[in-house]
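Novice: Before anything else, here's the structure in question.
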Amino acid sequence: MRVFHTSRAQESVSHPRVSRWRGNAWVALLATAAIVVLVNWIGGALYFRLDLTGDKRYTLGRSTKSTLRSLRNPLYVKCYLGGDLPLDFIRLRQGVEELLEEYRVASGYRVEFQLVDPSTADSEQARQAQQAEFMRMGLQPVSVHEQGQDGAVTERIVFPALQLGYAGQTATIQCYRPNIQLSVPEAISLSLQGLEYELTAAIDRLTQQEKPSVALIHGHGELQGIEIADWRASLAKSYQLLDVDSLARVGMLDECAFALIANPLSPFTEREKLVLDQYLVQGGSLLLALSPIQVSEDSLQQGSETLAYPRDLNLDDLLFKQGIRMANALVQDARCALLPVNTAMQGQAAQFTPLPWVYYPLLEPAENLLVTRNLNPIYSRFPSPLELTAGGSGQVRSVLLHSTERCRAVATPRLVSLAEIGDRTIFTHLSSARIPVAVAVEGKFTSLFAHRPVKAIAGGQAFDFQPQGEGGRLVVVADGSIVKNGVRIRGGKRFPLPLGFDRYTQQTFGNREFLDNLALYLGRRDDLLELRGRTLTLRLLDGATIALHRIRWQLVNMLVPTLLLLALGGILAAVRWVRFRKFGA
């Protein structure tokens, strides 16, 4: 009886401890649930994210946040990267989704997006019709060659594009741009780096209440019509284009965001120079794409040679006043585009072979400037050297485009002959410092007409002459063809080719992007330029190492999580066993 009584006493003593432990467990559970609910409520009310990456790749720019805050209606985004994709483009899709999610949150959930699979057609005929419809919508296909494990190479058509819809308007942007200097993984990383800029610029265009105007100046044989159709179409997305046939009145350009003169052939009058001079002095922006040397490419193709000689545009003094000198020379460069030449023997059928043509340099963009950062090489034809001289104080001058180090400037007049293509000794003479071909000047401008009878030059016009002023921006490119697109003839009709497209190599160079950036710079959209200039660090995996250790890493990925889970389960079971044994003692 005493033993039984002692056991009952011990059992009665243990009950309060077990009850107290169970009560504490319920309190802890309820407290944890309350804390979780409270944290979720605070997180929903005070939403924030921490970007711990070194290059702040998950932090939206100021201009992006400002643009998203200005949205008054829902913005719908379709991403045509759905379905089965090559591995590299899966990474592109993930990057696009992450960025769109950031946009959705920053916009107050006014941005909605969806993935679209562009390869849902069930027959070859339906697939071709579907692709034609996508291209009609402005989606540009990309051909991707994928190598399987058996070594076979297959070609796939991918539409890496986004279609935006806002308030009844639509816009399309490419989220992948091939780069002739980079591999596909590197080009994808570079495309993701510039995607925020492309997307924000497209949203900015869709939300514009009124487009600023851009003056396209004519009257001197400038490029127009289909020859400049591609960049006109690009400018028309953000600007109202004004064709100006005559620079007849001082002040007529004052309301324009910037003015463009594309490859003039005849000289400017003193009155026209006065109009440009006062526009710059009073804070205007001007782009001059000039060809200082006259070279007839038609004569070159027909007769195999032509005379290159200086062209008088009567702009030398205006440019020299602002610290820019154009040389009467042509640039030759070992890094150049191709020109098709008949290489057949005499008496045989014509056989055209593309060969390097040193007069078509592939110009290098400056890497330290927002306007030219991360651009493909620029396709040029017969460019001339530019020199930055000692101009007035208060100016900032920059070289935008230059040749490579294997180059030289040849004086004119000179005979340009296709026979030079076969002369390999030319390349032995190409050794010089880099030659500037495009420059920018901004800041304080002093008038060329400060001590001249401006009223007489202006034809008696009454205007407020300014001898000096600040805020102007001037860009000079010593190659007028840089804004000229090619033309394709099909079915008796002429169609413009993309700007910078080389039909012989089927490559697209950076001409369009360069000019679009110049439009932002001259149009004072420095916020978008700053966004475009962001640089992200490329952290790419070593493909050879991955292939070599493929099985090892697959086993690690499968076994390590399983072993960790089993170990954690064993530890928890041991803890529970020790705890219940303690309370049961």
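The values are calculated or read from the model by the stated rules, or taken from the named source; none is laboratory data. Quantities reported herein were computed from a predicted structural model and do not represent experimental measurements. Positions of Cβ are generated from backbone atoms using ideal geometry, with glycine treated the same way; all protein chains shown enter the neighbour counts.
Novice: Of everything in region 248-259, what is of a type outside the set (Val, Ile, Thr) and touching a residue at least 60 places away in the same chain (Cβ under 8 Å)? Give them in sequence order.
Specialist: Narrowing region 248-259 to residues of a type outside the set (Val, Ile, Thr): 248-249, 251-259.
Hits for region 248-259 are 249, 251, 257, 258.
Novice: Output the number of residues of region 409-438 satisfying the condition of being farther than 30 Å from residue 299 by Cβ and either touching a His at 6+ places or on another chain (Cβ under 6 Å) or surrounded by 14 or more Cβ atoms within 10 Å (Cβ to Cβ) (or both).
Specialist: 1
Novice: Please work out which residue is modelled with the lowest pLDDT, limiting yourself to region 538-554 and to residues that are exposed (fewer than 10 other Cβ atoms within 10 Å of the Cβ) and assigned to a helix (DSSP H, G or I). Even if it seems obvious, please write down each step before you answer.
Specialist: Applying the first criterion (exposed (fewer than 10 other Cβ atoms within 10 Å of the Cβ)) to region 538-554 yields 539, 541-542, 544, 547, 551-552.
In the following step, the residues that additionally are assigned to a helix (DSSP H, G or I) were identified as 544, 547, 551-552.
Working: 544: 61, 547: 64, 551: 82, 552: 80.
Applying the filter and picking the extreme gives 544.
Novice: Let me ask something else about it. Please work out which one of (1) within 23 Å of residue 417 (Cα to Cα); (2) touching a Ser or Thr at 6+ places or on another chain (Cβ under 9 Å); (3) not in a strand (DSSP E or B) is the condition residue 308 fails and give its number.
Specialist: It fails just one condition, (3).
Novice: Whether any residue in region 444-457 is in a strand (DSSP E or B) and either free of Cβ contacts under 8 Å to residues at least 12 places away in the same chain or under 23 Å from residue 369 (Cβ atoms) (or both) is what I want to check.
Specialist: Of the residues in region 444-457, the ones in a strand (DSSP E or B) are 444-446.
Then keep just the ones that are either free of Cβ contacts under 8 Å to residues at least 12 places away in the same chain or under 23 Å from residue 369 (Cβ atoms) (or both); that gives 444-445.
Checked against the condition, which is being in a strand (DSSP E or B) and either free of Cβ contacts under 8 Å to residues at least 12 places away in the same chain or under 23 Å from residue 369 (Cβ atoms) (or both), region 444-457 yields at least one hit.
Novice: Given the conditions (1) closer than 30 Å to residue 481 by Cα; (2) surrounded by fewer than 20 Cβ atoms within 10 Å (Cβ to Cβ); (3) without any contact (Cβ under 8 Å) to a residue 60 or more places away in the chain, report the number of the one that residue 157 does not fulfil.
Specialist: Among (1) closer than 30 Å to residue 481 by Cα; (2) surrounded by fewer than 20 Cβ atoms within 10 Å (Cβ to Cβ); (3) without any contact (Cβ under 8 Å) to a residue 60 or more places away in the chain, the lone unmet condition for residue 157 is (1).
Novice: Residue 57 versus (1) of a type in the set (Lys, Arg); (2) surrounded by 12 or more Cβ atoms within 10 Å (Cβ to Cβ); (3) at pLDDT 90 or above: which is the lone unmet condition?
Specialist: Unmet condition: (3).
Novice: In this structure, is residue 301 at pLDDT below 95, in a helix (DSSP H, G or I) and farther than 23 Å from residue 472 by Cβ? Break it down into steps so the answer makes sense when it comes.
Specialist: Numbers: at pLDDT below 95: yes; in a helix (DSSP H, G or I): yes; farther than 23 Å from residue 472 by Cβ: yes.
The answer is yes for residue 301.
Novice: Would you please name the residue that is surrounded by the most Cβ atoms within 10 Å (Cβ to Cβ), looking only at residues in region 109-124 that are in contact with a helix residue (DSSP H, G or I) (Cβ under 9 Å, 6 or more places away or on another chain) and at pLDDT 90 or above? Give the steps one after another, and end with the answer.
Specialist: Step one: filter region 109-124 for residues in contact with a helix residue (DSSP H, G or I) (Cβ under 9 Å, 6 or more places away or on another chain), giving 110-113, 115, 118-121.
Subsequent filtering for residues that are at pLDDT 90 or above retains 110-113, 115.
On the way: 110: 17, 111: 23, 112: 14, 113: 18, 115: 14.
Only one residue fits best here, namely 111.
Novice: How many residues, within region 176-206, are in contact with a Gly (Cβ under 9 Å, 6 or more places away or on another chain), under 23 Å from residue 103 (Cα atoms) and either among the hydroxyl-bearing types (Ser, Thr, Tyr) or at pLDDT below 90 (or both)?
Specialist: So the answer is 7.
Novice: Restricting attention to region 399-408, and to residues there that are at pLDDT 95 or above and not in a loop (DSSP other than H, G, I, E, B), which single residue is surrounded by the most Cβ atoms within 10 Å (Cβ to Cβ)?
Specialist: Only one residue fits best here, namely 401.
Novice: Can you find a residue that is outside the structural domain of residue 505 (by TED's automatic domain parsing) and at positive phi anywhere in region 178-192?
Specialist: First pass over region 178-192, keeping only residues outside the structural domain of residue 505 (by TED's automatic domain parsing): 178-192.
Among the residues that remain, those that are also at positive phi are: none.
Looking through region 178-192, none of the residues is outside the structural domain of residue 505 (by TED's automatic domain parsing) and at positive phi.
Novice: Can you tell which of 576, 581 is exposed (fewer than 10 other Cβ atoms within 10 Å of the Cβ), in a helix (DSSP H, G or I) and modelled with pLDDT under 85? Outline the logic, then answer.
Specialist: Details: 576 fails: exposed (fewer than 10 other Cβ atoms within 10 Å of the Cβ).
None of the other options fit; the residue is 581.
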